[in-house]
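Each reported figure results from applying straightforward, stated rules to the coordinates on display, with no laboratory input. All figures in this text were calculated on a predicted structure; none of them were measured in a lab. Here the Cβ is made from the backbone with ideal geometry for all residues, glycine too, and neighbour counts use every protein chain on show.
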Amino acid sequence: GGTAGGAAPGCPGEGASGCWEDESNVLENASIEPGVCQEMLMGLEAKQSESLSELITLREALESSHLEGELLRQEQTEVTAALARAEQSIAELSSSENTLKTEVADLRAAAVKLSALNEALALDKVGLNQQLLQLEEENQSVCSRMEAAEQARNALQVDLAEAEKRREALWEKNTHLEAQLQKAEEAGAELQADLRDIQEEKEEIQKKL
């Protein structure tokens, strides 16, 4: 009884195979205390429980990372769509500006020609000048809107770049978590194998007792 009690505390810190060999030698050469194997079994069960808890934590972290990555991809898609809309708006405003410039040039040419007409056409000239002034005001408004649209596009490009950086960071984090998860699963499998070996050894010891 004293020999077995002295050998058992050293087993949990040693390799699993060495522990089983020591216990087998003790069983062959002397009587053992029934509680020794139970303590060994409880120790491995505690390690298995800790490993499973770590595995669950890693799985939850991986799922959270996947969800965050999906949200970032969705945000990136929305920003890209908004950027495309802004570029389309700029193109449309540029086209409108060119059209208005052409109309302004035509009206100015018409005003020059009308200036040579007689006094009877003076009212028409006044009307054309008013149209010219109105078109110039509209052209200025288009220019202002185009400038605002360009500023919005620049801001969207910045947001898009930041979203891409966050996506890359999440991808690296996800890769690291997957590696940790694989290691935890391998450790869990090893613990389960050790637990089965302990259970078999326990049954053999109980039979010999």
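Quick notes on this one:
- Compared with the direct C-alpha span, the chain from E45 to E164 gains 38.4 nm at full extension, assuming 0.36 nm per residue.
- Under 20 Å, Cα to Cα: Lys pairs in the stretch 33-208, sequence gap 8 or more or different chains: 7
- Using a simple spin-label model with pseudo-atoms 7 Å out from Cα toward Cβ, E190 and A152 lie 5.9 nm apart.
- Computed label-point distance, nm, for sites E87 and Q206 using a 7 Å Cα→Cβ extension: 7.2
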